[in-house]
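Bear in mind that the values in this text are calculations on the coordinates, not laboratory data. Quick caveat, the model's predicted, so the values are computed rather than measured. All Cβ positions, glycine included, derive from the backbone under ideal geometry; neighbour counts span all protein chains shown.
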Amino acid sequence: MSELSIKNFNTGVKITLVLGFTLIAISFYLGKVNLFLLLNGNLGLFADRFFEYTTYLGDGVIWVPIAVLFFIYRRKYLVLLFGAILFSTLFTQVTKNFIFPELPRPTKLIENTQLIHTVPGVELHTIDSFPSGHTTTAFTVFLLACLFIPTKKIIPIGLAIALLVGYSRVYLAQHFPLDVGAGMIAACLTMLLSIQMQKWRDANQTLFN
């Protein structure tokens, strides 16, 4: 794995962890509902449409083109990619369904729904709030990009895209900022475990030949 951009990756992880824990800390300090209402304000029709489509960058289907690219250009790292998909899914789904099952989302928890900005046409989910799966996916892809793209520009560009996806979950009233922060941390854990999984595979390569 010496040819990978470990420095970019480490920088991406550090930034992601700082942002994730900061969001969680502010959520506890102000209250997760108060922080949500502070960030959920109506930014206009353009923002409605922009975040409605931006949020799809954190959807699970994003793994399909990434898997195709890995199969063509980075086949030796398919184990790492598999780990990224596996662990990101496990972290979000196990937490949602078994650790904090049916935790209410904003539109269910906040009684006065008039305070919440929603986007017409966007289906609102009401439970399984913590953590944000879209945020986990977006930041996992960001950290994956940091690992495989050597230019330093990938850090601000990838981070901006991942942050927009995370914010879209709050703007669309699908998640609390607390959920987004947890998704960031889940992405870091996902990639760290995936790298170890790849290293184990490389160290035991003769077993797979």
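Evaluation of Leu192 against the conditions (1) part of a helix (DSSP H, G or I); (2) crowded, with 21+ Cβ neighbours inside 10 Å shows that the sole unmet condition is (2). If I ask for residues that are part of a helix (DSSP H, G or I) and among the acidic types (Asp, Glu), which ones from segment 12-71 would you list? Once the filter is applied, which keeps residues that are part of a helix (DSSP H, G or I) and among the acidic types (Asp, Glu), segment 12-71 yields Asp48, Glu52.
I need the helices (runs of 4 or more DSSP H) fully contained in segment 96-176, keeping only those with at least 3 residues that are crowded, with 18+ Cβ neighbours inside 10 Å and not aromatic (Phe, Trp, Tyr).
Values: elements: 106-109, 133-148, 154-171.
Passing ranges, in order: 133-148, 154-171.
Does segment 42-55 contain any residue that is within 30 Å of Leu4 (Cα to Cα) and under 18 Å from the mean Cα position of the chain (by Cα)? Yes: segment 42-55 contains one or more residues that are within 30 Å of Leu4 (Cα to Cα) and under 18 Å from the mean Cα position of the chain (by Cα).
Against the numbered list (1) surrounded by 14 or more Cβ atoms within 10 Å (Cβ to Cβ); (2) in contact (Cβ under 8 Å) with a residue 24 or more places away in the chain, Ala67 comes up short only at (2). Filtering segment 25-39 to residues that are among the aromatic types (Phe, Trp, Tyr) and out of contact with any Phe, Trp or Tyr (no Cβ under 7 Å at 6 or more places or on another chain) leaves Phe28, Tyr29.
Considering the conditions (1) polar (S, T, N, Q); (2) surrounded by 14 or more Cβ atoms within 10 Å (Cβ to Cβ); (3) more than 21 Å from Cys188 (Cα to Cα), Asn34 is excluded by exactly one of them, (2).
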